[in-house]
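Visitor: Right, I'll just put the structure down here and ask away after.
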Amino acid sequence: MMIFIVEDDENIREMETYALKNSGYEVHGFDSGAQMLSALETMLPRLILLDIMLPGEDGLHILRRLREDERTKSVPIMMVTAKTTELDKVRGLDMGADDYLAKPFGIMELVSRVKALLRRAEQAAGDSKKSDKLTLEYDAIRMDDSARQVMSGGEDVDLTYKEYELLKFLLLNVNIVMTRDKILSEVWGFDYEGESRTVDMHIKTLRQKLGAAGSAIKTIRSVGYKLGE
């Protein structure tokens, strides 16, 4: 199982490589995004560890390119960075990162998070095969998951990666109240340190983008949210 590491700090890259190889993974390390993008032409990894602060093109730009490419749009990506503010996390996650590991971190934490992310990716791949032609609808909201397209009141809606995943989760659970912790776990996919404000912020922008149909997303005071009556 191949893992790509994009990290310009040689000491950190070697530490990550050593930890993952000792856990049974094959690893290719790169000190720039350009090197990694070149390698992708001949090899597709099962997971990418991507630093944000890189020489040349930074990690967020590389992340965007990976998510726009049909070959790599589903490859799990973990951002590994010294940046720790909530805004930095939200930017990366909204652009399609699957997890976020802040430096400094321990070897055991790194390996544990990689294993968890790979497990979730395998489960998601299985779910995707079951729902390749999935269409979800509620009121004026329509989601064509095979085309990754959302319409509200007959108009196309441009959503970020996580806004889309959040709406899909709500559509799959119409009329069911979802706690903020449940949403964080299912949509963000890992322990997000109780930062439930992220859910509130995404719900707010999702409602705005859906227009009149956004009122279908109900706030359940002191609990969470639901889509429906």
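The values are calculated or read from the model by the stated rules, or taken from the named source; none is laboratory data. Computed from a prediction, not measured in an experiment: that's the story for all the values here. Neighbour counts run over all protein chains shown; Cβ positions are idealised from the backbone, glycine included.
Visitor: Only one of (1) surrounded by fewer than 12 Cβ atoms within 10 Å (Cβ to Cβ); (2) modelled with pLDDT of 90 or more; (3) among the acidic types (Asp, Glu) fails for Asp132. Which number is that?
Guide: Checking Asp132 against (1) surrounded by fewer than 12 Cβ atoms within 10 Å (Cβ to Cβ); (2) modelled with pLDDT of 90 or more; (3) among the acidic types (Asp, Glu), the one that fails is (2).
Visitor: Please go through the stretch 97-109 and pick out each residue that is out of contact with any strand residue (DSSP E or B) (no Cβ under 7 Å at 6 or more places or on another chain) and within 16 Å of Ile77 (Cβ to Cβ).
Guide: none
Visitor: Going through Lys168, Lys162 one at a time, which residue ends up being under 26 Å from Lys115 (Cβ atoms) and touching a helix residue (DSSP H, G or I) at 6+ places or on another chain (Cβ under 6 Å)?
Guide: Details: Lys168 fails: touching a helix residue (DSSP H, G or I) at 6+ places or on another chain (Cβ under 6 Å).
Residue meeting the stated conditions: Lys162.
Visitor: Which is over 16 Å from Val223 (Cβ atoms) and not assigned by TED's automatic domain parsing to the domain that holds Glu109, of Asp181, Asp156? Full working, then the answer.
Guide: On the way: Asp181 fails: over 16 Å from Val223 (Cβ atoms).
Of the residues listed, the single one that is over 16 Å from Val223 (Cβ atoms) and not assigned by TED's automatic domain parsing to the domain that holds Glu109 is Asp156.
Visitor: Here is a further query. Of the residues that make up the stretch 24-46, is at least one within 19 Å of Asp9 (Cα to Cα) and acidic (Asp, Glu)?
Guide: Yes, that holds for at least one residue.
Visitor: Which members of the stretch 138-162 meet the condition of being charged (D, E, K, R) and either within 27 Å of Arg91 (Cβ to Cβ) or over 23 Å from the mean Cα position of the chain (by Cα) (or both)?
Guide: Initially, the stretch 138-162 is screened for residues charged (D, E, K, R), giving 139, 142, 144-145, 148, 155-156, 158, 162.
The answer is Asp139, Asp144, Asp145, Arg148, Glu155, Asp156, Asp158, Lys162.
Visitor: Run Glu70 past the list (1) in contact (Cβ under 8 Å) with a residue 24 or more places away in the chain; (2) under 22 Å from the mean Cα position of the chain (by Cα) and report the number of the one that doesn't hold.
Guide: Against the list (1) in contact (Cβ under 8 Å) with a residue 24 or more places away in the chain; (2) under 22 Å from the mean Cα position of the chain (by Cα), Glu70 comes up short only on (1).
Here's the yes/no breakdown for (1) among the small types (Gly, Ala, Ser); (2) surrounded by fewer than 17 Cβ atoms within 10 Å (Cβ to Cβ):
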{"site": "Met2", "(1), (2)": "no, yes"}
{"site": "Glu10", "(1), (2)": "no, yes"}
{"site": "Ala39", "(1), (2)": "yes, yes"}
{"site": "Ile48", "(1), (2)": "no, no"}
{"site": "Arg71", "(1), (2)": "no, yes"}
{"site": "Asp98", "(1), (2)": "no, no"}
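Visitor: Looking at (1) polar (S, T, N, Q); (2) under 30 Å from Glu109 (Cα atoms); (3) modelled with pLDDT under 85, can you tell me which one Thr179 breaks?
Guide: Condition not satisfied by Thr179: (3).
Visitor: Can you pull out every residue in the stretch 22-39 that is in contact with a helix residue (DSSP H, G or I) (Cβ under 7 Å, 6 or more places away or on another chain) and in a strand (DSSP E or B)?
Guide: Val27, His28, Gly29, Phe30
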